[in-house]
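Working notes, structure below.
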Amino acid sequence: MIFSQVVPAPADPILGLTDTFKADPRTDKVNLGVGIYKDEAGQTPVLKSVKKAETILLDEEKTKNYLGIEGVTLYNSVVQALLFGDKHPVLDAGRAVTAQAPGGTGALRIAAEFVVRNTPSRVIWISNPTWANHQNIFETAGLSVKEYAYYDAAAQDIDFDAMLASLAGAASGDLVLLHGCCHNPTGIDLTLEQWQKVGELCRDKGLVPLFDFAYQGFGRGIEEDAEGLRLVAGMVPELLIANSFSKNFGLYNERIGAVTLVGASADEAKVAFSQIKRTIRANYSNPPAHGAMIVSTILSRPALKAEWEAELAEMRERIAEMRTLFVDSLAKAGVERDFSFISRQMGMFSFSGLDKAQVARLKDEFGVYIVGSGRISVAGMTKSNMPAICAAIAKVL
Ligand code: PMP
């Protein structure tokens, strides 16, 4: 017998919470754990631009034949345009290659496995704290994970000097995982000057950035959110990007993202791409089509693209509004602690500073679910659930 020896896996810190939430019989419960955008009515509807693209596809799709290993060709070029903008030296030199991937998670996994199989690199540096799944993905792919300092809990801000000091200990060829924007879980991003310094450090020490870009358009705007990535990409010879369209197209269950490799030359990128394709072939052979068809249909038609941009802006603006309302409502609920830092954070999440015991009380006594680290999904807040959430937080503080 072999299966009798299997020990139970610990529950996932985020998706495990959703399972507990689903089983909770309380009707006034709120899930602010997983990062899913909700509208003012508490729903996660399909974007109108996505529905329109799907109608077009239903009409025009002629075959369900396999895609190539790298996915939809048009998709890979529209993805590059979104990442790098209309014009970027990397694109001009043909140094970027892109393969479709099953979500940001799939892209990170392919990137990591490609590195382990084809390069001498074995170490990746991730921020402390970071998205709960990073360590899991990278260790499973065979990388060893080290942490760089990022968050200063007392100042509720980035500790940039400490970040540079930790990365000074990285060795040439090590990967550095960087959140392109909307850092998960802290919501605190690098300024352009700080990106410049990180780019210089990577260039001077021979570190290879791996950008995790899961929230483009959720911070300041589609182009603005890519500024750090575009700057660093212009400074270093080699990098990797794992991007996701789960959030900014609301395509969570379509599992659509991409892995992009930038090589020192177009020829080197091409060779590396052959190995990325080999990694994909060994994992799932070739990707599913639907999500990539939706994204490429939208991004290649100016009218549909404009509609998507407007819908994305609406999501971004609603979250920003909820941030301000959250800070105001906490004060109204009698909370004396200064939570104004929440309105300076970017993206779906707010890093609240609540401790594990307070998080547990929120769940057990009030049916308010947030991640153990104190990360709250502001994107799940609405004008109607806000008073109850803030009253509960006031009681556990
Ligand atoms: N990276 C980060 C930082 C994320 O927050 C997420 C989603 N929570 C992902 C990657 C993965 O996204 P996907 O669902 O597309 O796999």
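The values are calculated or read from the model by the stated rules, or taken from the named source; none is laboratory data. Fair warning: this is a prediction, and the values are worked out from it, not measured in the lab. All Cβ positions, glycine included, derive from the backbone under ideal geometry; neighbour counts span all protein chains shown.
What are the residues in region 226-240 that are within 16 Å of the ligand (Cβ to nearest atom) and part of a helix (DSSP H, G or I), if any?
Within region 226-240, Ala226, Gly228, Leu229 meet the criteria.
For region 204-225, which positions are away from the ligand (no atom under 15 Å from the Cβ) and of a type in the set (A, V, I, L, M)?
Leu207, Val208, Ile222
If we only count helices (runs of 4 or more DSSP H) wholly inside region 1-103, which ones have 3 or more residues that are touching a residue at least 24 places away in the same chain (Cβ under 8 Å)?
15-23, 48-60, 73-84
Which of the numbered conditions does Ala154 fail, given that it passes all the others? Conditions: (1) modelled with pLDDT of 95 or more; (2) away from the ligand (no atom under 16 Å from the Cβ); (3) of a type outside the set (D, E, K, R).
Of (1) modelled with pLDDT of 95 or more; (2) away from the ligand (no atom under 16 Å from the Cβ); (3) of a type outside the set (D, E, K, R), only one is false for Ala154: (1).
For region 138-160, indicate whether the set of residues that are small (Gly, Ala, Ser) and within 17 Å of Ala242 (Cβ to Cβ) is non-empty.
So far as region 138-160 goes, yes, one or more of its residues are small (Gly, Ala, Ser) and within 17 Å of Ala242 (Cβ to Cβ).
Taking the residues in region 111-124 that are more than 15 Å from the ligand (Cβ to nearest atom) and outside any helix (DSSP H, G or I) as candidates, determine which candidate is surrounded by the fewest Cβ atoms within 10 Å (Cβ to Cβ).
The selected residue is Pro120.
Being assigned to a helix (DSSP H, G or I), under 18 Å from Gly103 (Cβ atoms) and of a type in the set (Gly, Ala, Ser) is the filter here, so list the residues in region 283-313 that pass it.
Gly291, Ala292, Ser296
Could you list, in sequence order, all residues of region 348-362 that are in contact with a strand residue (DSSP E or B) (Cβ under 9 Å, 6 or more places away or on another chain) and touching a residue at least 60 places away in the same chain (Cβ under 8 Å)?
Met348, Phe349, Ser350, Phe351
Among what's in region 338-357 and is surrounded by fewer than 17 Cβ atoms within 10 Å (Cβ to Cβ) and more than 29 Å from Leu312 (Cα to Cα), pick the residue that is modelled with the lowest pLDDT.
Result: Asp338.
If you take the residues of region 320-342 that are within 26 Å of Asp39 (Cβ to Cβ) and acidic (Asp, Glu), which of them is nearest to the chain's Cα centre (by Cα)?
Per the criteria, the residue is Glu321.
Every residue in region 247-272 that is among the hydroxyl-bearing types (Ser, Thr, Tyr), within 14 Å of the ligand (Cβ to nearest atom) and under 22 Å from Glu113 (Cα atoms), please. Quick ask: steps written out before the conclusion?
To start, the set of residues in region 247-272 that are among the hydroxyl-bearing types (Ser, Thr, Tyr) comprises 252, 260, 265.
The next check asks that each one be within 14 Å of the ligand (Cβ to nearest atom); those that pass are 252.
Within region 247-272, none qualify.
Among the residues that make up region 73-93, is at least one of them among the basic types (Lys, Arg) and either surrounded by 14 or more Cβ atoms within 10 Å (Cβ to Cβ) or under 23 Å from the mean Cα position of the chain (by Cα) (or both)?
No, region 73-93 contains no residue that is among the basic types (Lys, Arg) and either surrounded by 14 or more Cβ atoms within 10 Å (Cβ to Cβ) or under 23 Å from the mean Cα position of the chain (by Cα) (or both).
What is the one condition in (1) outside any loop (DSSP other than H, G, I, E, B); (2) within 12 Å of the ligand (Cβ to nearest atom); (3) surrounded by fewer than 23 Cβ atoms within 10 Å (Cβ to Cβ); (4) not small (Gly, Ala, Ser) that Leu108 does not satisfy?
(3)
What's the number of the condition Asn243 fails, among (1) assigned to a strand (DSSP E or B); (2) more than 16 Å from the ligand (Cβ to nearest atom)?
Single failed check for Asn243: (2).
So, in region 38-58, exactly how many residues are farther than 18 Å from Glu307 by Cα and crowded, with 16+ Cβ neighbours inside 10 Å?
The number of residues fulfilling the criteria is 1.
If we scan region 193-203, do we find a residue that is surrounded by fewer than 23 Cβ atoms within 10 Å (Cβ to Cβ), farther than 28 Å from Ala266 by Cβ, more than 16 Å from the ligand (Cβ to nearest atom) and acidic (Asp, Glu)?
Yes.
What pairs come out if I take residues in region 240-251 that are closer than 15 Å to Tyr75 by Cβ and pair them with residues that are more than 9 Å from the ligand (Cβ to nearest atom) and aromatic (Phe, Trp, Tyr) whose C-beta lies under 6 Å away, six or more apart or interchain?
Correct list of pairs: Ile241/Phe211.
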